[in-house]
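Presented below is the structure to which this report refers.
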Amino acid sequence: NANNAAPRIVEHPSDLIVSKGEPATLNCKAEGRPTPMVEWYKDGERVETDREDPRSHRMLLPSGSLFFLRIVHGRRSKPDEGVYVCVARNYLGEAVSRNASLEVAILRDDFRQTPSDVVVAAGEPAVMECIPPRGHPEPTISWKRNNVKVNDKDERITIRGGKLMISNTRKSDAGMYVCVGTNMVGEKDSDPAELVVFERPMFVRRPVNQVVLADDTVDFQCEVQGDPTPTIRWRKEEGELPRGRFEIRADNSLRLTQVKAEDEGSYTCLSENSVGKAEASGTLQVHVPPQIVVRPRDQISAQGRTVTFLCGTKGNPPPAVFWQKEGSQVLLFPSQPPSQSGRFSVSLSGELTITDVHSEDSGYYICQAISVAGSILTKALLEVETPSDRIPPIIRQGPANQTLAPGTTAQLQCHVMGNPLPSIQWERDGQRILGNDERISLMENGTLQITALQETDSGAYTCVASSLSGETSWSGVLTVKESGGLSVPPVSEPYQLPGPPQKPVVTDVTRNSVTLTWQPNAHEGGAAVTSYIIEAFSQSAGSTWQTVADFVKLEKHTVTGLSPNTIYLFIVRAVNAYGLSDPSPISEPVRTQDVSPTGQGVDHRQVQRELGEMAVQLHEPALLTASSVKISWNVDRQSQYIQGYRLLYRPVGGSWSQQEVKAATERSAVIANLLKGTEYEIKIRPYFNEFQGMDSRLLTFRTPEEVPSAPPRAVTVATVKLSNSSSISVSWQPPPTEMQNGVIQEYKVWCLGNDSQTRYHINQTVDGSVLTTLLKGLLPGVLYQVEVAAVTSAGVGTHKQPTVTGGGSESDENVSLAEQITDVVKQPAFIAGIGGACWVILMGFSVWIYCRRKKRKELSHYTASFAYTPAGIDIFGYVWICRPGMMGANMGNYPWLADSWPTTNLVHNGKDSVNCCTSKHDTPERYYNGKTRFYRATPPAVLSDEEEWCPPLPDRTYLMDGVMEDGPAPPPRGVASSPTTSYSHQSTATLTPSPRDDGHCLDIPRLHQLEQPQIARRLPCGPVPVPRAPSPPLTQSNPNLAANQECPDNTVPHRSAHKRDLSQGAAQSVENINNTTPGVFPFLYKRATEVLLLK
């Protein structure tokens, strides 16, 4: 057919990447006529589809496309992955499509690199790395923060090659980051990693520079934020923080209190955390108001001299100093050119110097110091002398006392000094000496010479030096007489006198006194200086020098008794054995203080006005201790007229006390010796001499209470009789007021009994206003101690020394003796002594008992055994103890006795023979009225017929006596209660005669098991020596031992020698014996029982 055409592929398959288990289609469309058949080939092999295998997951669609219901893919088998082609065929030919690959997408679980935690500081870059799991196609990387996808459009965030890079990190970038690997299979999340963004310390508030006044409080702020929370500390550059006056507060601010000038500097706040540190500083400048540290003194000067007034100041900043004469408008500043200041100049240190003093320069000069912190002034008086104010003459050396012979020549010296030069006149006995006697002449140097002395020349000679300034006199006594062979002491030579002291210096001035100091002269003369003389001159007191002090021992002296507001001059002379020295240079004029300020050039109205305008602000008192408080204040308006402050304080409602602060610059004081627990009122007022300023506001404070430091006083105890019991009345007085230390709220009263085993304590608490109480219920015979103490809110105070009282009618002496005896008895040493004494007595008694028993045991005794042993049966054992004279006479013969015992073998030391027999075995009279368990018997030795048998020493035996009062004791468990015993068993008896007591007969049943028959043998029994074993003497007797025993006189015990096995068991029966006679059986039985128990 011409319309037929060969196949042609019109739609070729495309490469596919498909997830495992997902459906997929490889498209293939072919055209041709007839319609071509389409087949698929994978990797060159034909693909089976559902047409060949209906179960196949591959389907060939009508269009020719290959459809996969699901992609099958495994680690080992990968049937669907490969290169596919589709082939279209018809009879005209075939067409082959292009290759198409089908790949299965894969995404592994494990990340090849997981992100790690990162810690950065804010502002720094942060990088988190991630390599996704292996997959096909290769997975892409994205990031999530706190489960929210990271916005990579933020210019700070870059995701490149799996890395997440954040530049300039912020606190908001912190969180949990997850790396997400994605391909067509799906998404895989990595383990989360944390990005921690720390913040370096950043200052929210910085310290600022501050300027404050001294004694103020200053705060430097420092507020910092950061993560982790930064630590903050403070330091002072080039120094330490003021010790005791700084505080770092809760908000990290630095507080300085009572700042001083030395606190100035830079204060730095240092903040630090794990990612950084920061610091900020603020400077402190402390302004200290100006203070006068060297005050100028009032001065007196002669005209033409140079005067200097000192004025030392301090303050911060340093104050500017200038001077001003009171009443003048001219201000004198430092470094002013001379053309402006003339004769006045002020140095840089604040000294005022006046050259060529004129009389019109007299007056007050005011020194003023001023700065930004305040101002202060002080003044001093300058007095310029007029000619009438000149100093009176001074006699350097006057006439000395002399004794001369008649006919000799006398020279009385008078060396003077003064301006103008004084004239000299002489007097004798108050009468002026005229020049009419040629023997008397006045020399040029003022010396009076008398030649050809006569006795009438004797007298008191006075040198009078006078000038326009005044006059001065010096007297000496001349005595003219025959020497009579006596040596007359010569007149002192000038070199023998001490040198003049140096110029005296005034160190202190008051209204009535002046304190002087001086330096001695190196030249002491012919003898040591012994004292000094001080002379003074004052125009108001006269026109001559007066001695105001003598016999002064030290180089410092306070001259008293001076007049107020008076100018004085002083000279000092040294004294030794040869006389007085020349005078010292004259001191500077000094004026004593005036009684009133007006005398010092101060207007009292101005003083009162300025004091009234002063405002003193009193701060809240600061308690130092329970009895002291610190008071501080500041002054709003400073006045030059202030000498100090008066602190007035009192207990509320009491009288005022006063404490003075004598320094105008002080701003605090401590008041001590206050009453504890007391509310006080306090105020402060400034003063200047007798003038007082306004009081500050009144403040109150309370000192803390303490426990009373003294007990109540006058504690008395009186006995009160009430019915059957005794009572006491206790009264007291409060402690001294100054020792109460607060408000007494109550009193505690203790009444303590003396018995330590039974405490008879009666305690009471009464109100603080009650001073007596009644204590009831005191017991007779008990000594009581009464104590009383006062109680404040701080606690219980000191106890009053115990007051002793007795309860009841017994006398104190009896009670005291009983008390002493009781105390002695209760002492551990007494108890131990009593116990020791009892132990010694007990041990002594035991030794005595032992020695007595040992002595009795040394007496002779014998032991014999006999046995009747039928073969192969159980036996009962019996022990017989027989003593002569106690056996019954009606004894019968018993078949189990082989023969009679020879009497001769039982004679011991020539005493009566001992005969043993059995009692009536079928009667209950042989039973012991008590409980006895016999555990073990001593087997006799086995001897041959030829040997003579001697009884062995008995084993130590013990008896357990349990005497019953109500009749026979029941037999032990498992034993028949019949009082009779079968005698068909083997029996053994042991004979122990005693030479002292009467004979006793006793049998003790014993249970034994024999392993084999024994052969009975007759053995003779001979005398036995006295045993030395340590057994106690057999002296005990038992009143319950059975009587009615019969012992024949001529019987000899026969013993069947056999070996017995005693290990088969113990005796289980208990025999009752009703009628007993005294004997040694109980003791022996007890000893035997104890031995058996021990073995």
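Quick look at the values:
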quantity	calculated
Förster-model FRET efficiency, 25 Å R0, Arg255 and Lys314, C-beta, rounded to 0.05	0.40
Accessible area, probe 1.4 Å, largest first, for residues Lys481, Lys277	Lys277, Lys481
Protein-only accessible surface order, largest first, of Leu618, Leu842 at 1.4 Å	Leu842, Leu618
Ranked by how many other beta carbons lie within 10 Å on average, peptides 30-36, 828-834, 668-674 from highest	30-36, 668-674, 828-834
Net lengthening on full extension, Asp53/Gln303 (0.36 nm per residue, minus Cα-Cα)	74.9 nm
10 Å binning of all Cα-Cα separations within region 259-337, expressed as whole percents from 0 upward	13, 26, 23, 15, 10, 7, 4, 1, 0
Around Trp323: net Lys/Arg minus Asp/Glu count, Cβ-Cβ under 11 Å	0
Charge dipole (region 405-550, unit charges on Cβ, about Cα centre) - positive-most of Gly430, Thr409, Ser473	Ser473
Computed accessible area, Arg46, all protein chains, 1.4 angstrom probe, square angstrom	110
Largest-first ordering by accessible area, 1.4 Å probe, given options Arg243, Arg134, Arg390	Arg243, Arg134, Arg390
Accessible surface of Ile248 - all protein chains present, 1.4 Å probe, nearest 10 Å²	80
Area of Thr447 that stays accessible when all protein chains are in place (1.4 Å probe, Å², to 10)	10
R0 of 30 Å, Cβ-Cβ distance Ser328-Met694: FRET efficiency to nearest 0.05	0.40
Between region 617-638 and region 506-521, the alpha-carbon center distance in angstrom	37
At R0 = 41 Å, FRET efficiency that the Cβ-Cβ distance of Val796 and Lys662 yields, to 0.05	0.45
Residue-count net charge about Asp227 - beta-carbon cut-off 10 Å; Lys, Arg +1, Asp, Glu -1	+1
Within region 682-698, backbone nitrogen closer than 20 Å to the virtual label 7 Å beyond the Cα of Gln643 toward Cβ	684-696
Cα gyration tensor shape of region 40-120, rounded if a/c is under 1.5, else prolate or oblate by comparing a/b with b/c	prolate
Surface share of carbon and sulfur [accessible, 1.4 angstrom probe, percent] for region 391-507	51
Percent RCO, i.e. relative contact order, over region 328-424, from Cα pairs under 8 Å lying at least 6 residues apart	16
Additional length obtainable on full extension of the chain from Ala714 to Ser14, 0.36 nm per residue less Cα span	239.5 nm
Cross-link pairs Lys236/Lys277; Lys260/Lys325; Lys662/Lys683; Lys163/Lys188 - those with Cα-Cα distance over 25 Å	Lys260/Lys325
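The values are calculated or read from the model by the stated rules, or taken from the named source; none is laboratory data. Quick caveat: nothing in here was measured; it's all calculated off a predicted structure. Cβ atoms come from the backbone with ideal geometry, glycine included; neighbour counts cover every protein chain shown. Accessible surface areas use protein heavy atoms only, side chains included; no ligands, DNA or RNA. Shrake-Rupley method; radii C 1.70, N 1.55, O 1.52, S 1.80 Å.
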